[in-house]
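The values are calculated or read from the model by the stated rules, or taken from the named source; none is laboratory data. Since the structure is predicted, the reported quantities are computational estimates derived from the model, not experimental observations. Here the Cβ positions follow ideal geometry from the backbone for every residue, glycine too, while neighbour counts run over all protein chains shown.
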Amino acid sequence: MNMNPSPRKSTLPPPISILVWVLVSLAAGAAGGIASQPGEWYAALSKPSWNPPNWVFGPVWTTLYVMMGVAAAFAWPGRGTRAGRVGFALFGLQLALNALWSWIFFHWHRLDLAFVELTVLWVTILGTIIAFRRIRPLSGHLLLPYLAWVTFAGVLNFTIARLNPGGAPIEPAVPLVGVAAADCAPWDGAATSIYLSTSADPSGPPQLQLVVYLSGEGLPGRRIELGRQEAGSGIALHCESASSCTTSSAGVIEFASPAEEGILAGAYRVEFDDGVVAGTFRATWSRRVALCG
């Protein structure tokens, strides 16, 4: 009698199958990634305070694409079944919709249409999960984080579309340059004033002045919502001449992480009575010292 137990058949898909499906999923992500560079337009949009920083999206999406590929590899042996045929048709469709969303949102600037498309994508992912689970439960479970993230993305897309009504692209103004200097807040706390214009010539009045109620070292990487008389907020002034300036307390400034010493850069979107002013800026730090308090 043969006392050696027969080897168990592996329940894991072949490594080549996992590799192929992961690469297919990543390729779909790359196709959408061509259009999804945030750039000036996205930076100038009004976004909710809970909007994740840009660096979060890359690692999250890469992880989700890998999980998609592994899920497809586990379901592949059942491709000949009815659930398999439906599941892989939906899987291919959701990959196409995933890539298309980036083009609709980031390239064509259609926030409203992007939300509609994302809703269709959500339904397609749910259908894929149901079909894959009938082949192998683990395949469906691997797609649940993807469905959760797209749910969050849908809420974020809807919120951004509501904050930027009309879905039309916000044409950024000519990039502004100027000087950033230490200043004082109305209550004598620390503040920073950024004097900007289309020319680096400091002799004329600033075309736009951004006043943030924080010291300069705390600004890089921060998102500032204007309108409150407290630290971490601020105001903006739009000037046609030295004696003609309009004040706004509605808008947002997003400061870039420091890339060069002595430079303060970022994007702004400020609402004045005569319209929205939006774009990017780059300011050189002044040595001026402000004595507050």
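Tell me yes or no: at least one residue of the range 107-120 is assigned by TED's automatic domain parsing to the domain that holds A35, without any contact (Cβ under 8 Å) to a residue 40 or more places away in the chain and crowded, with 17+ Cβ neighbours inside 10 Å. Yes - at least one qualifying residue is present in the range 107-120. Could we say that V24 is in the same structural domain as L143 (by TED's automatic domain parsing), aliphatic (A, V, I, L, M) and surrounded by fewer than 16 Cβ atoms within 10 Å (Cβ to Cβ) here? It is false that V24 is in the same structural domain as L143 (by TED's automatic domain parsing), aliphatic (A, V, I, L, M) and surrounded by fewer than 16 Cβ atoms within 10 Å (Cβ to Cβ).
Quick check on the range 64-71. Is at least one of its residues over 19 Å from L19 (Cα atoms) and hydrophobic (A, V, I, L, M, F, W, C)? No: zero hits. In the range 61-89, the residues that are surrounded by fewer than 20 Cβ atoms within 10 Å (Cβ to Cβ) reach residues that are among the basic types (K, R) and outside any helix (DSSP H, G or I) with C-beta atoms within less than 9 angstrom, at least six apart or across chains, in these pairs: P77/R136; G78/R136; R85/R79; F88/R79. Checking T124, T198, T192, T128 one by one, the residue that is more than 22 Å from the chain's Cα centre (by Cα), modelled with pLDDT under 90 and not aromatic (F, W, Y) is T198 and no other.
Mind listing just one residue for me: the one in the range 1-51 that is more than 30 Å from S249 (Cβ to Cβ) and basic (K, R) and, of those, modelled with the lowest pLDDT? Checking each candidate, the answer is R8.
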